[in-house]
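Okay, structure first, notes after.
FYI, it's all coordinate maths here, none of it is from the lab. Since the structure is predicted, the reported quantities are computational estimates derived from the model, not experimental observations. Quick reminder, even Gly has a Cβ in these numbers, built from the backbone with ideal geometry, and neighbours come from all protein chains shown.
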Amino acid sequence: MKVAVLGGTGAMGGAVARQLSRNNVVIIGSRDPARAEEAAKLIKGTTGADYSTATRGAEAAVFAIPYTAIGEAAGLANELKGKLVISMFNPLKLEGGLLNYPLEKGSAAEELAALLPESRVATAFNNVPSHMFAKEEPVPMDILVAADSKETFDEAAALVRSVPNLRPLHVGPLSQAQMVERMTALLLNLAKLNKTGALATKFVSRKD
Ligand SMILES: NC(=O)c1ccc[n+]([C@@H]2O[C@H](COP(=O)([O-])OP(=O)(O)OC[C@H]3O[C@@H](n4cnc5c(N)ncnc54)[C@H](OP(=O)(O)O)[C@@H]3O)[C@@H](O)[C@H]2O)c1
């Protein structure tokens, strides 16, 4: 699949671009095309472009930009019509030394879907610490995918499976995305309080 990683110049965007580039054609998107080209030189097989060019040339897009910049998506609605869009946004707020979830209702993923009404939005990769994606094949992880239709879930799940050792798990519709985003705060707090080092999601079952 041809995938634009918007904010692929950042920590998580670069890490996701590296993993997706194993089995997809990745275009790194940046507000500054020169910065995108520099980032692309570091990841074999990728190219760099501004956000608009990157999304126009892609079949799917991953938003790897800060939640505070989510409004930038509105300007890409045309380019992203009918396409799969992955939300990794994690709204977080530090309160009393612990991270909390700041949204009173809804989720960043639903906000993104509202900004892109003709795109097919799903969550994925929200709970992966960037350095776990930075270089080698990731350790086995479960990737929580919320999506409003089976078609969108299946397409997002296929993208997740294109990275070795990742198992997509269906969370339900996008109205469940808040659970996925909240999980990031939980994982970061658990790591801090229990001094475990960074944590990601892997569920166990008697079937395993
Ligand atoms: N870091 C993690 O471990 C992690 C894990 C899971 C999910 N996430 C999510 O992934 C997203 C990116 O996180 P990150 O830690 O990779 O952030 P980051 O290192 O700060 O990178 C964010 C990128 O977003 C772009 N950007 C676009 N508009 C921006 C704006 N108004 N202000 C600042 N940057 C802007 C920048 O690229 P250009 O300037 O090149 O356009 C920048 O390189 C967030 O939504 C976060 O919740 C992060």
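Looking across the stretch 46-99, the residues that are assigned to a strand (DSSP E or B) and away from the ligand (no atom under 14 Å from the Cβ) come down to Thr47, Ala60, Leu84, Glu95, Leu98. When Ala39, Ala60, Ala11 are checked against the criterion of being touching a strand residue (DSSP E or B) at 6+ places or on another chain (Cβ under 7 Å), small (Gly, Ala, Ser) and closer than 26 Å to Met179 by Cα, Ala60 stands alone in meeting it.
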